[in-house]
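Structure, as structure tokens:
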Amino acid sequence: MIILKLGGSVLTKKDSHNAEVNYKNLNRIANEIHNFFLAKGSNSDIANELIIVHGAGSFGHPPAQKYQIGKSFKREEYPEKRIGFSETQNSVKRLNSIICECLLSKKIPCVSIQPSSFITTDNKRINSFNLDLIAKYLDEGFVPVIYGDVVLDAQLKIAVLSGDQILQYIAKNLKSRKINEIILGTDVDGVFTKNPKKHNDAKLIRRVSSLEDIEVLESTTNIDVTGGMIGKIKELLKLANLGIESRIINANKEGLIANALLNKKVECSLITKNK
Ligand code: ADP
């Protein structure tokens, strides 16, 4: 089985404060996934090998930040917070619908899985996530499409759940499947020694086995509420320590997702236990 994560930075105009889809990328990536299925043989049951997780980008981070979802708050602030939760949930659901429509237009049998309808967290970490339904959809040959969302939280009442944590949880706990590939498409070539968007001398790290491999730890953008690249690596290192490796690739570059899905060599950072 393959788990493919599509970053919000790729599918949306992430730095925008308005919810905006990057249709050029979305259409191209849907084509790449379609071509992967064709390459595998269109009549085969290969569809049951793929789960897509996507980020929220400019559909999630601006409302989540505006309402400070995931921060503790006073009782009298709850009415306002609830509206923020609903706004964020609605917005990321809209992005998921747009993505599923595009996948469907390429005859990819996607099925939308909404985290806020059945996943909860405890201090921002998943404490309840029943994977049975996802396993059943896979059995029937569907491609589950799940995404970063807002959820109920045992301590904070409401919290943001990143696509990266969802990916980590599925990869760790979906015991009925053998995971062949975990691919994360983002808007840079992989993990660098420093944020490559801010530092010209940042160097790509081909194998990442510790946060210490990164010289300067800094957040992604001003509006990322889920920890950006650092949050991503922390999740992936948990998997690496279990012996499950993942690749971070540049999904803004044409053909990289298609090649990675076909298990071909592509420029990437491998998140691994072994140096
Ligand atoms: P996505 O939305 O694709 O999941 P993020 O925006 O959360 O991705 O993270 C990718 C961003 O992280 C890049 O655009 C880059 O600017 C930033 N970043 C910060 N530090 C690093 C680093 N050491 N290596 C790579 N990218 C980094």
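The values are calculated or read from the model by the stated rules, or taken from the named source; none is laboratory data. Please read all numbers here as calculations on a predicted model, not as lab measurements. Note that each Cβ is placed from the backbone with ideal geometry, even for glycine, and that neighbours are counted across all protein chains shown.
So here's what we get for this one:
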read-out	value
Qualifying residue in region 226-237 (condition: more than 9 Å from the ligand (Cβ to nearest atom), modelled with pLDDT of 95 or more, more than 20 Å from A56 (Cβ to Cβ) and within 17 Å of the chain's Cα centre (by Cα))	yes
Filter result (at pLDDT 95 or above, more than 14 Å from S112 (Cα to Cα) and not hydrophobic (A, V, I, L, M, F, W, C)) within region 124-152	K124, R125, N127, S128, N130, D132
When residues of region 132-168 are limited to those that are of a type in the set (S, T, Y) and within 16 Å of the ligand (Cβ to nearest atom), the one nearest to K40 (Cα to Cα)	Y147
Region 20-62: number of residues that are within 17 Å of F85 (Cα to Cα) and at pLDDT 95 or above	6
Per-region count, region 196-220, residues in a strand (DSSP E or B) and near the ligand (Cβ under 7 Å from one of its atoms)	0
Hey, I108 surrounded by 15 or more Cβ atoms within 10 Å (Cβ to Cβ), in a helix (DSSP H, G or I) and among the β-branched types (V, I, T) or not	no
Residues (part of a helix (DSSP H, G or I) and among the basic types (K, R)) located in region 72-101	R75, K81, R82, K93, R94
Count - residues of region 172-195 that are at pLDDT 95 or above and more than 16 Å from the ligand (Cβ to nearest atom)	3
Qualifying residue in region 15-26 (condition: crowded, with 21+ Cβ neighbours inside 10 Å and away from the ligand (no atom under 16 Å from the Cβ))	no
Qualifying residue in region 117-138 (condition: β-branched (V, I, T) and in contact with a Cys (Cβ under 6 Å, 6 or more places away or on another chain))	no
